[in-house]
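To keep things clear, I will list the structure first and then write my remarks on it.
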Amino acid sequence: MTPAASPADHPRLPPAKTGILIANLGTPDGYDYWSMRRYLNEFLSDSRVIDLPRWKWQPILQGIILTKRPFSSGANYKTIWNEEKDESPMMTITRDQTESLRARAIAEWGDDVMVEFCMRYGNPSTQEVVGRMVEAGCRRIVFLPLYPQYAGATSATANDQLFRALMEQRRQPAVRTCERYFDRPDYIGALAASVERALDGQKPAKLVASYHGMPRRYLLQGDPYYCQCQKTSRLLQERLGWEDGIIDTSFQSVFGREEWLRPYTVEHVADLARQGYSDIAVISPAFASDCIETLEEIQGEIREAFEHAGGERFTYIPCLNADPEHIDVMMNVIRENITGWV
């Protein structure tokens, strides 16, 4: 039986595609005051990041914090800004990751896949990109937040934003969210290879694995992030074949007055220098892309704390970024989640 023809006014439907969407934290559009204020307002208004009651937090945020912090944060971003492309390094790197991933995905699955990226905060927004993918014909979307370790303030809020974007779609695609990948052998192998490459086979007196911090209270409330960071460090040490005690786990980017996960990286590296560790390296396994926390905080404030305390040799090991082994990890995660869809 021949199917009935669609009415003449029926909307045109594009050929069905499967989407692959990677999500990074986000970046301001510029380092000027208003760009920074918009970005910080969105970021610090997220209840997954700051879980204080809105009636208590918003007057503080909209008052003194968003009056002063855009100036200091903008000055920090200016020191690392990609002036050639007029964007932050995270934007440049995430785009490079996406282009590499797109080339791999099309080579394996053909033109019926669509690979894009979005930012949890700032542009391109999750809502914008999801809308564009649905309009292009994506009936299914695999969603990969670029956070190896799960945390409510990273992976969960990225998923939250995806679900909000889906609520706006009349023709809602099926979605699969990828789980954390902090203990995958391929990810640990890529980290180990980056250490060996950066250190040229030499072993530092200490390798400090510095992870983004969070309030200690979140751990006590059940967030698994701290434990996953500790396991990543342990697996990295085992993969490198190094003795116990050579890798230390610490946490950076402390914000506010309450206690965060310890030890704090900026204090820990200074303590190491005072203890006689003159040669250390620092790696950031929680970041999939180099960003303000690595390019400015680690290579600025944290390096200075180590050297001021008497340290001599400080080596920063870059994030995995668009390294082919990192793209391999992403492809493996996506391949496992896209099964049956392509």
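Once the stretch 106-165 is narrowed to residues that are more than 15 Å from the chain's Cα centre (by Cα) and of a type in the set (Val, Ile, Thr), the residue that is farthest from ILE50 (Cα to Cα) is ILE106. Looking across PRO145, PRO124, one residue alone is touching a residue at least 40 places away in the same chain (Cβ under 8 Å) and either out of contact with any Phe, Trp or Tyr (no Cβ under 9 Å at 6 or more places or on another chain) or not polar (S, T, N, Q) (or both). It is PRO145. Screening the stretch 259-340 for helices (runs of 4 or more DSSP H) wholly inside it with 3 or more residues that are under 19 Å from the mean Cα position of the chain (by Cα) and surrounded by fewer than 22 Cβ atoms within 10 Å (Cβ to Cβ) returns the ranges 324-338. Would a scan of the stretch 127-138 turn up a residue that is under 23 Å from ASN321 (Cα atoms), surrounded by fewer than 16 Cβ atoms within 10 Å (Cβ to Cβ), touching a helix residue (DSSP H, G or I) at 6+ places or on another chain (Cβ under 8 Å) and not hydrophobic (A, V, I, L, M, F, W, C)? Within the stretch 127-138 (the criterion being under 23 Å from ASN321 (Cα atoms), surrounded by fewer than 16 Cβ atoms within 10 Å (Cβ to Cβ), touching a helix residue (DSSP H, G or I) at 6+ places or on another chain (Cβ under 8 Å) and not hydrophobic (A, V, I, L, M, F, W, C)), the answer is no, since none of the residues qualifies. Quick check: is even one residue across the stretch 240-248 in a helix (DSSP H, G or I) and either surrounded by 18 or more Cβ atoms within 10 Å (Cβ to Cβ) or in contact with a helix residue (DSSP H, G or I) (Cβ under 8 Å, 6 or more places away or on another chain) (or both)? Yes: the stretch 240-248 contains one or more residues that are in a helix (DSSP H, G or I) and either surrounded by 18 or more Cβ atoms within 10 Å (Cβ to Cβ) or in contact with a helix residue (DSSP H, G or I) (Cβ under 8 Å, 6 or more places away or on another chain) (or both).
For LYS206, the criteria (1) open to solvent by 40 Å² or more (accessible area, probe 1.4 Å); (2) at pLDDT 95 or above; (3) of a type in the set (Lys, Arg) hold in every case but one, which is (1). Looking only at the stretch 161-178, residues that are basic (Lys, Arg) and either surrounded by 12 or more Cβ atoms within 10 Å (Cβ to Cβ) or touching a Cys at 6+ places or on another chain (Cβ under 9 Å) (or both) come to 2 in all.
The values are calculated or read from the model by the stated rules, or taken from the named source; none is laboratory data. Quick caveat: nothing in here was measured; it's all calculated off a predicted structure. Please note: Cβ atoms are built from the backbone with ideal geometry, for glycine as well, and neighbour counts cover all protein chains shown. Just the protein is used for accessible areas: all its heavy atoms, side chains included, with ligands, DNA and RNA removed. Shrake-Rupley method; radii C 1.70, N 1.55, O 1.52, S 1.80 Å.
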